[in-house]
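Read-outs: derived from the displayed coordinates by stated rules, not from any lab. What you see is a predicted model, and the numbers here were worked out from it, not measured in a lab. Here the Cβ positions follow ideal geometry from the backbone for every residue, glycine too, while neighbour counts run over all protein chains shown.
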């Protein structure tokens, strides 16, 4: 490897040739023969070149960046393809992305033998190794630390020393170690196989179990002082190491920090929000910047060459992660100072400056020069970063100093950029709305299930609110706080159908809360646009902007963060974990898979390059938003699907190896995938929809366990993805190919995926991949989604927040050495997204459908959406229309038929089930009309809707075609539904009507009685019923006592009260049946008290009794109220209840005249029948009374009965003589 | 009518073990003339109910019931003479008062600090147990309480009736008044909504559609009140104190939020100011129909 680089440096081969050599194994026709010869001899090593180069650069820079900002966590390291290496050492780590580059196929090449031999030897036991092993085991965690821990440690562990080589007999057949004649005399280092890198394994609990020796692929042979294992630079290129600035103690401290950080990062319920990205404060303060000067760059040419090779590798996607390399370059650009190499390599010969033996970066100047060289090659990528990053880049004084031209281009790019990006999270939860169509009783198997779900919905939100309130509090624990409640709730979900209801709620809520950071209004796919965003979008936008300012920029944990569940997603993850319900998980996976399929297959609009005017641009904004919403939803769903699907296979234990692994593989390969992602990917690639499919697939795969990539099924997927990755060369842009930002998005997500610890290290470089092999034979449309500019910076940064690390790096540089990663100002531009229309349905089939498709092909996409939308809505409305007309008519018929039945069959009416059958057999045949009616409805309604929605200049022919298609689609939709469901619908409605009628037949006939409302002129000023009941109650309580001596009522008050009662009863606006019933009862009680003269009257003691005439007047009022105003039944028989009549017993002298008067009036007014009164009087005799009272009662009874029913005038007369008779009675 | 917590507590303080009678209410009104009567009554009623809930169990031990029943029986029988004297004395004093029956049960309830209506129910249950073999059903008891004429014993019937009309916190009459008040305010709210041209679905319509939780009104087009979005309105014809508000939140308001989004609760008789703390979360409290309602402009839509 080094030989390649060296021959390059010696200008024996051109950069282009090298890159061609790497990228395309065999094609070398353009190369000159010399180059070809030089390189072809090195062919077997081709695949090792890139990892070597990356490791080389990292190593070279380690002196510059020991204390810099967060380093790329998963830095590439040259492979050590040691056969039999037991598993990938770093695979066990979950959260940390610290593995190095993998062993390549070198092991199978010519170079294998010596290499392996040497490796084997090196792996032999030795004191140094043992020491190193321990040191590493403890120190590996530094890899993931912000600051240069990882790099430094890597250095410490990668000490392939010349001494080692010397101990080996030179292998002259090794072309790597002995390049062809003419090359530089192989120095000691030159002969060495470049350092085998340690696989620094981040520490996690499970690591403590694994064997330390698996960490090594190349033990330090040259003795390193054991107290300072990292102090010596043992790199073959010298100077790769910082001085031993850290003691073991310090490392342990870092280790502890790292451990706790990993605990926080690991996606388990025990982790609170990760605190990421802040450099160690202890180091931040001591930095002093070294100025960089272009004039002081050493060996420009060499740097230029390396930069060119490096850039070319990046450009050809030969590196796994574009943004990681950019991050690295930015680090070089913003390096603060060079660590002085105290102990420069003693074996370094200072004379050989143009070989690799001298350090590549000898000063800050070199670093910056190199960085700027690389950046110049990647201006296109840079110019597509967000505006904030561009600004910081353009303002970077080093950049200005080293390349004014680049700076100028960047400034121009900044000024022209509109790519403002905001990553503020939308505000808190909004509940999923209740939808009767899916949520009402009819959708549940039983009342119990319905009510259980009702409760569960409330518990779910209660838990959610509690989480919102507490999850940020230190010490709060999800499982402890909510776990048992969640499980109790899940325990109630007995019926399978309830599970699906709950899962639907869960999934909708998930989408609603987590789908779009930065999307104002939180519009949910498939839901109506939120009114919030329409109403106060501006205000809300400002609020969020403010919020965003207040919050420190979210750090996503370096340029390669592990998959996490930020924000609200954490709730859903923890909920799944705490619920630990396999039924729930299964239903959730089903539901997620379904939704993913649905969204992935959504017909998203395609860009028409021809339409470039402003109008279509407005349209295009909408399309782009729609794409973003769909993509983000898909990613979210896929992430959770991956999480749940692989949950059973993920554990803290290290990945299995050997036989165990084989048996697991055999077993797992039998298990069908939860969702056929391979097919979806293949189809996506074919249909040129990679930009939609790949990002969610990456989310799904990021949760795969260690075994998954080894399964054939998934291996195919990875290979497809790798090929895709290689094919996405940013510089190749052409009509019909993928857009730049689309590519950038895919590169970013794929690069991120390749860094996931569970993705095998060897995967990326293993694949023999000339990218041109990846030409999917497409029968796809000319312009697939990939060719449409659907991705913008907002979406890119939303999907890949880690790209924002670049900006942080630059901002950190600007902010000086303060080292606060959140302290810089940010340009804030919330982009508002509003909802998208309903999802078009895809029902078209047959020739007509194909014709329709063809028709749409040359029309603007909005036309198609309009037609589909209209068809969908009209079709749906048609069903509702049929329900409201035809079905409602049938129900009315059913009701009248039922009434007839009831009349003929008498009160009982027969068995309801039987009745229903009879009715249905009569009515259901009428359902056949539904189709004709439906067709008619669609024909009538659709054209108007299409007309209204299409622009006016739409040509008549197009318009009428569109109308016809809309009519057809709507009819198809409606008729399909109707023909399948109309009978069931009629049945259901009739059944409901029957049970309604039968219920109404039952008790409470009074409630059914027709009620008179108040007159039109009524202004509803009558006293309120509650007030009257309360007033009358007071009078009653005064009357029955106990009372104070000064308590009583005035006759006027009583009169007024009854007057008000009349008003209230006549108004009825506020009157409800129970109130009327009580008023009726109270009025009867009041009458009884009047009759018994029990109402305490206010006034001078002499007047404590109500005047007879007054009493009679009041009774008259009451009679009139009963007769005229009460609409419900009045319990007049209570007047003759033993209790009320008994009131008379207390009065002395007893006066019966009022009672008699009342009874007569009741009869006269037809309020009570004579017989009824007689019966009451009769039953009164049965009660026990004092002797004299019983006698008097008998007299009254006789008196009343003796009177013949007289015509009115005589009754009047009778009334006139009443007092006398009363007196007589009283005196008797 | 919106009280601070301190104001509310001052009122509540005055209500500790005050019997639920007309007289108590009158005194309360005199003590806090600036507060509306309805508010005071509502607070009184709620405080008393809290008190009863706390002490309810104590009155429902079989020993307690037995002792009440015995005392009542003794009063009505053995101590008749004493009662006669008292009655005469009363008569003498008042010169006018003619009590149909001495308030034995009512006095007993006040004496042991229990709601008269509930005491009446207790005794009635016990009485029926004694006179009928089977334990009386709840509906029979309720029916007798609603209409004491159905009680087989005339004396007891009078006693029960007296308890019921004198209890201003419990009993069928009070229940009916509360229900009527609730209904009236719903009607009032409906009128106001109609007047403002806000279209809505009411509880009955929602129930017919199969909604599992039904606020009084769901607005078909949401509005904004004081910057808060309102999807639904719930009318509460009572004072919103901590206890009832939390119960309502748990049983109703959050459930509405869970289904329909943010909404408005009108506590017509006021509430404790501090409880209006979920505005941002989507539950707004008001003590009257809001005056500044922002509706969706059709030009925007």
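Between the Cα long axis of helix B:62-76 and the first principal axis of chain B there is an angle of about 60°, rounded to the nearest 10.
Roughly what would the spin-label model give for residue B:7 and residue A:468, points 7 Å off Cα along C-beta, in nm? Computed distance between label sites residue B:7 and residue A:468 equals 2.9 nm. Each peptide in A:1118-1125, A:687-694, A:717-724 gets a packing score, the mean of other Cβ atoms within 10 Å over its residues, and the list from highest to lowest is A:687-694, A:717-724, A:1118-1125. Directionally averaged projected area (the stretch B:101-162, Cα convex hull): 3.9 nm². Computed from Cα atoms, the angle from the helix B:37-59 axis to the main principal axis of chain B rounds to 60 degrees.
Full extension of the chain between residue A:1194 and residue A:477 gives 250.0 nm of extra length, using 0.36 nm per residue less the Cα-Cα distance.
Shielding of peptide B:142-154 by partners, expressed as the average count of other chain Cβ atoms within 10 Å per residue Cβ, is 3. With neighbour counts taken as other beta-carbon atoms within 10 Å, the residues A:791, A:1049 rank, fewest first, as A:1049, A:791. Inter-chain neighbour count for A:1027-1040: the average number of beta-carbon atoms from partner chains within 10 Å of each residue's beta-carbon is 6. Peptide A:455-463 shows a mean partner chain C-beta count of 3 within 10 Å per residue C-beta.
Ordered by the count of other Cβ atoms within 10 Å of each Cβ, fewest first, B:207, A:1068 give B:207, A:1068. Here residue B:112 and residue B:155 are evaluated by their C-beta separation; at R0 = 25 Å the FRET efficiency comes out at 0.80. Would you mind getting me the FRET efficiency between residue A:1066 and residue B:66? Use the beta-carbon distance for r and R0 = 41 Å, nearest 0.05. For R0 = 41 Å, the calculated efficiency reads 0.20. Here each label is just a point 7 Å from Cα along the line to Cβ, and for residue A:712 and residue B:196 those points are 6.8 nm apart. Packing, as the average of other Cβ atoms within 10 Å across residues, places the peptides A:1056-1067, B:38-49 in the order B:38-49, A:1056-1067, highest first.
Summarising the label geometry, the points placed 7 Å from Cα in the beta-carbon direction at residue A:603 and residue A:420 lie 3.7 nm from one another. The long axis of helix B:22-31 is offset from the longest Cα principal axis of chain B by roughly 50 degrees. Classify the stretch A:1041-1126 as rounded, prolate or oblate from the Cα gyration tensor: take a ≥ b ≥ c as the square roots of its eigenvalues, call it rounded if a/c is under 1.5, otherwise prolate when a/b beats b/c and oblate if not. Verdict is prolate for the stretch A:1041-1126. Once the Cβ-Cβ distance of residue A:304 and residue A:594 is raised to the sixth power relative to R0 = 60 Å, the FRET efficiency obtained is 0.65. Segment residue A:1174..residue A:947, full-extension length gain: 74.0 nm, with 0.36 nm per residue of separation and the alpha-carbon distance subtracted. Ranked for footprinting exposure by Cβ neighbours inside 10 Å, fewest first, B:214, B:4 give B:4, B:214. Look at the Cα gyration tensor of chain B: its axes a ≥ b ≥ c give a/c of at least 1.5 with a/b over b/c, and that counts as prolate. Adding -39500 (n - 2.57) for every DSSP H run of four residues or longer, then dividing by how many residues chain B holds, sets the calculated 222 nm ellipticity at -17000 deg cm²/dmol. Between residue A:1108 and residue A:900, residue separation times 0.36 nm minus the direct Cα-Cα distance comes to 69.5 nm. Rounded to whole Å, give me the distance from the Cα center of the stretch B:259-297 to that of the stretch A:641-683. Measuring centre to centre over Cα atoms gives 52 Å.
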